[in-house]
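Q: To start, I am sharing the structure in question, which I have written as structure tokens.
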Amino acid sequence: MEFSNSLLSLLLFSLYVSPLSALVSAHTNNHEDFLKCLSHRINDNTVESKVIHTSKDSSFFSILDSSIQNPRFSVPETPKPVSIITPVKASDVQTVIRCARLHGIHVRTRSAGHGWEGQSYIAYNKPFVVIDLRNLRSISLDVENQTGWVQTGATTGELYFEIGKATKSLAFPASILHTVGVGGQFSGGGYGTLMRKYGLAADNVIDALVVDARGRILDRQAMGEDYFWAIRGGGGSSFGVVLSWKIKLVDVPSTVTVFKVQKTSEKEAVGIINKWQYVADKVANDLFITATLERSNENLVHALFTGLYLGPANDLLALMEEKFPELNLEMEDCTEMSWIESVLWFADFPKGESLGVLANRKRTSLSFKGKDDYVQEPIPEAAIKELWRRLEAPEARLAKVVLTPYGGKMSEIAEHETPFPHREGNLYEIRYLAFWREEENKNKMETEKYLKWVESVYNLMTPYVSKSPRGAYVNFMDHDLGTYLGKEETKYEEGKSWGVKYFKNNFERLVRVKTSVDPTDFFCDEQSIPILKSVDDI
């Protein structure tokens with residue numbers, strides 16, 4: 001998107017002289033007036049429809065904690081919102097935005113709370129409220145036309161459940177983890193076992209409804225193509241509150257095959273992972289194989305190769321014999337099932353489990369810290385061996401290093417088509433994850449050792465991963481890359497320091513879209529897209 005100098009000047013002028021900006025400044029953090037504004041416009045008279053929750057309510061902390069999916073942010077010193085709003089209809093969201101702007105209230109929007117750094121329910125250095133979209137979770141499917149509308153408060157598991165009830169021949173390419181909210185996942189990209197066949201969740205979004213910074217509800221036509229482009233991979237919380245998404249369902253065969261192969265010998269496992277690097281992104285798009293390094297129940301490091309093939313087991317075995325014989329996949333490693341059954345399988349539910357478990361929401365009991373990289377050339381076996389040894393450390397008892405293959409459809413989509421830039425040229429993504437039990441959060445020295453373990457592995461991999469910039473996936477947000485924390489005067493430069501890592505060449509376009517649709521920077525967080533304050537910023 002190209003901006004003329006006259007249009008950019010108009011945007012900057014409106015940023016400085018907007019009466020609304022002055023009004024916001026005059027009423028900064030006026031929470032009581034904000035609540036009065038809400039109560040005049042929202043029906044909040046019954047327990048069943050209660051929308052406004054403050055710390056005076058007995059249910060306040062249970063609502064807050066119910067969607068905190070990283071317990072390390074449940075400790076007393078973590079900043080808490082002054083109120084939580086749980087809208088029951090679209091107009092409630094409009095009201096929250098309008099009242100918040102009028103009275104200078106900072107907002108965070110939460111879908112299901114899976115953000116790695118808790119950004120949907122935490123704000124530093126400023127009072128804030130949380131818009132929790134748990135009640136906006138309806139899903140309607142049009143199987144005949146292979147489309148559907150899903151509200152932002154739904155989880156991917158709830159979406160899969162509805163698809164599985166309606167059809168056995170359609171699917172949607174989103175997260176393996178069924179408790180992830182679609183709001184955060186779709187707006188940052190969103191990937192799972194179908195990514196090599198059909199790309200990201202964001203690649204299969206064809207319309208959306210958004211509440212913008214002025215409180216208007218806009219669909220794709222009303223918001224325009226630049227705005228629609230930005231919310232499909234640029235992180236929706238920078239641009240508004242996405243109410244719902246229109247998705248394109250994709251075809252899957254009646255029979256798919258899943259498999260799991262474990263290698264416990266370091267020498268054998270390292271050799272197979274090395275071979276995996278040369279194969280996983282280049283095999284047929286119907287095949288998806290992840291590689292994971294972790295500790296077993298016996299406390300020994302092992303490599304786990306887990307896969308989905310869109311077809312019968314016989315065809316899979318023939319393909320593997322040709323392309324990846326080193327894994328030595330055999331028929332007893334394979335299980336044929338429907339696609340929706342594979343969703344249950346990847347979620348580690350036992351065989352025969354009811355499809356309805358996908359719609360259950362649950363809070364994890366493990367705290368974690370994660371970091372993310374992209375690999376563009378195979379890493380040497382010596383580095384794989386060192387990763388194996390790092391997993392033998394005491395603080396790595398529950399840790400994982402996960403290698404996710406790209407290629408296929410991911411390489412066929414141009415980098416500029418969505419804000420998600422990690423397309424052609426990336427062999428795989430690698431995540432380093434340390435987990436620990438919730439009770440260990442009480443001891444800072446205990447938690448610090450896990451954080452240091454992740455940092456040490458991340459540093460170890462520096463020579464072997466993407467460079468200029470060293471890439472990262474925005475849905476795996478990492479505050480170690482930098483945060484604003486009130487540094488308003490350097491916000492653009494601060495934002496650029498991590499923005500190019502998440503978005504590469506798409507960062508500048510995102511900044512221009514952000515400046516256009518939210519010139520007062522109402523929607524912001526520690527790593528949101530910054531706005532242009534001066535023509536000298538870029």
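Q: Restricting attention to the range 436-449, which residues are outside any helix (DSSP H, G or I) and either surrounded by 19 or more Cβ atoms within 10 Å (Cβ to Cβ) or among the β-branched types (Val, Ile, Thr) (or both)?
A: The one that is outside any helix (DSSP H, G or I) and either surrounded by 19 or more Cβ atoms within 10 Å (Cβ to Cβ) or among the β-branched types (Val, Ile, Thr) (or both): 436.
Q: Can you say whether residue 353 is more than 30 Å from residue 73 (Cα to Cα), part of a helix (DSSP H, G or I) and either among the charged types (D, E, K, R) or touching a residue at least 24 places away in the same chain (Cβ under 8 Å) (or both), as far as the supplied structure shows?
A: For residue 353, the condition - more than 30 Å from residue 73 (Cα to Cα), part of a helix (DSSP H, G or I) and either among the charged types (D, E, K, R) or touching a residue at least 24 places away in the same chain (Cβ under 8 Å) (or both) - is not met.
Q: Here is a follow-up. Scan the range 192-217 residue by residue and report those that are open to solvent by 20 Å² or more (accessible area, probe 1.4 Å) and either acidic (Asp, Glu) or out of contact with any Phe, Trp or Tyr (no Cβ under 7 Å at 6 or more places or on another chain) (or both).
A: 197, 198, 203, 206, 207, 209, 214, 216, 217, listed by residue number.
Q: Regarding the range 412-423, can at least one residue be identified that is over 24 Å from the mean Cα position of the chain (by Cα) and farther than 26 Å from residue 265 by Cα?
A: Within the range 412-423, not a single residue is over 24 Å from the mean Cα position of the chain (by Cα) and farther than 26 Å from residue 265 by Cα.
Q: Right, another one. Kindly provide the set of residues from the range 109-130 that are open to solvent by less than 10 Å² (accessible area, probe 1.4 Å) and not in a loop (DSSP other than H, G, I, E, B), ordered by number.
A: Passing the criteria: 110, 128, 129, 130.
Q: Regarding residue 362, is this residue basic (Lys, Arg), within 30 Å of the chain's Cα centre (by Cα), within 30 Å of residue 448 (Cα to Cα) and open to solvent by less than 20 Å² (accessible area, probe 1.4 Å)?
A: Against the criterion (basic (Lys, Arg), within 30 Å of the chain's Cα centre (by Cα), within 30 Å of residue 448 (Cα to Cα) and open to solvent by less than 20 Å² (accessible area, probe 1.4 Å)), residue 362 does not qualify.
Q: Here is a follow-up. Scan the range 156-191 for residues that are within 16 Å of residue 413 (Cβ to Cβ), assigned to a helix (DSSP H, G or I) and either of a type outside the set (A, V, I, L, M, F, W, C) or open to solvent by 10 Å² or more (accessible area, probe 1.4 Å) (or both) and jot them down.
A: 188
Q: A further question follows. Is it true that residue 462 is open to solvent by 20 Å² or more (accessible area, probe 1.4 Å) and under 30 Å from residue 277 (Cβ atoms)?
A: yes
Q: If I filter the range 301-326 down to residues being farther than 29 Å from residue 168 by Cβ and aliphatic (A, V, I, L, M), which single residue comes out as nearest to the chain's Cα centre (by Cα)?
A: Looking at the filtered set, the residue picked out is 303.
Q: Moving on. Filter the range 57-77 down to residues that are of a type in the set (Val, Ile, Thr) and out of contact with any helix residue (DSSP H, G or I) (no Cβ under 9 Å at 6 or more places or on another chain) and give me whichever is surrounded by the most Cβ atoms within 10 Å (Cβ to Cβ).
A: Step by step, filter the range 57-77, then rank; the result is 68.
Q: Looking for whichever is open to solvent by 70 Å² or more (accessible area, probe 1.4 Å), in contact with a Gly (Cβ under 8 Å, 6 or more places away or on another chain), touching a residue at least 24 places away in the same chain (Cβ under 8 Å) and charged (D, E, K, R) here; the options are 392, 381. Which one fits?
A: Every option except 381 fails the conditions.
Q: I've got another one for you. Which residues, taken from the range 409-435, are under 15 Å from residue 233 (Cβ atoms) and not in a loop (DSSP other than H, G, I, E, B)?
A: 409, 410, 429
Q: Of the residues in the range 82-103, how many are touching a helix residue (DSSP H, G or I) at 6+ places or on another chain (Cβ under 7 Å) and open to solvent by 10 Å² or more (accessible area, probe 1.4 Å)?
A: Number of matching residues: 5.
Q: Of 455, 448, 439, which residue is among the acidic types (Asp, Glu), more than 26 Å from residue 509 (Cα to Cα) and touching a residue at least 60 places away in the same chain (Cβ under 8 Å)?
A: The unique qualifying residue is 455.
Q: What residue, of 214, 196, is more than 17 Å from residue 154 (Cα to Cα), in a loop (DSSP other than H, G, I, E, B) and modelled with pLDDT of 95 or more?
A: The match here is 214.
Q: I want to confirm something. Restricting to the range 299-352 and keeping residues that are open to solvent by 50 Å² or more (accessible area, probe 1.4 Å) and among the small types (Gly, Ala, Ser), which single residue is modelled with the highest pLDDT?
A: For the range 299-352, the residue satisfying everything is 318.
Q: Among the residues of the range 466-475, which ones are open to solvent by 10 Å² or more (accessible area, probe 1.4 Å) and either acidic (Asp, Glu) or more than 24 Å from residue 227 (Cβ to Cβ) (or both)?
A: Result: 467, 468, 469, 470.
Q: Does the range 395-410 hold any residues that are surrounded by 18 or more Cβ atoms within 10 Å (Cβ to Cβ), aliphatic (A, V, I, L, M) and under 16 Å from residue 298 (Cα atoms), and which are they?
A: Scanning the range 395-410 gives 396, 399.
Q: Is it the case, given these coordinates, that residue 460 is within 30 Å of residue 128 (Cβ to Cβ) and either touching a residue at least 40 places away in the same chain (Cβ under 8 Å) or of a type in the set (Val, Ile, Thr) (or both)?
A: no
Results for (1) charged (D, E, K, R); (2) out of contact with any strand residue (DSSP E or B) (no Cβ under 9 Å at 6 or more places or on another chain), shown as yes or no for each residue.
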site: 281; (1), (2): yes, no
site: 289; (1), (2): no, no
site: 298; (1), (2): yes, yes
site: 305; (1), (2): no, no
site: 309; (1), (2): no, no
site: 318; (1), (2): no, yes
site: 337; (1), (2): no, no
site: 341; (1), (2): yes, no
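Q: Could you look through the range 478-519, keep only residues that are in a loop (DSSP other than H, G, I, E, B) and under 20 Å from residue 229 (Cα atoms), and pick out the one that is farthest from the chain's Cα centre (by Cα)?
A: Once the filter is applied, the top-ranked residue is 519.
The values are calculated or read from the model by the stated rules, or taken from the named source; none is laboratory data. This is a predicted model, so every value here is computed, not measured. Glycine also receives a Cβ, built like all others from the backbone with ideal geometry; neighbour counts cover every protein chain displayed. Only protein heavy atoms, including side chains, enter the accessible area calculation; ligands, DNA and RNA are left aside. Shrake-Rupley method; radii C 1.70, N 1.55, O 1.52, S 1.80 Å.
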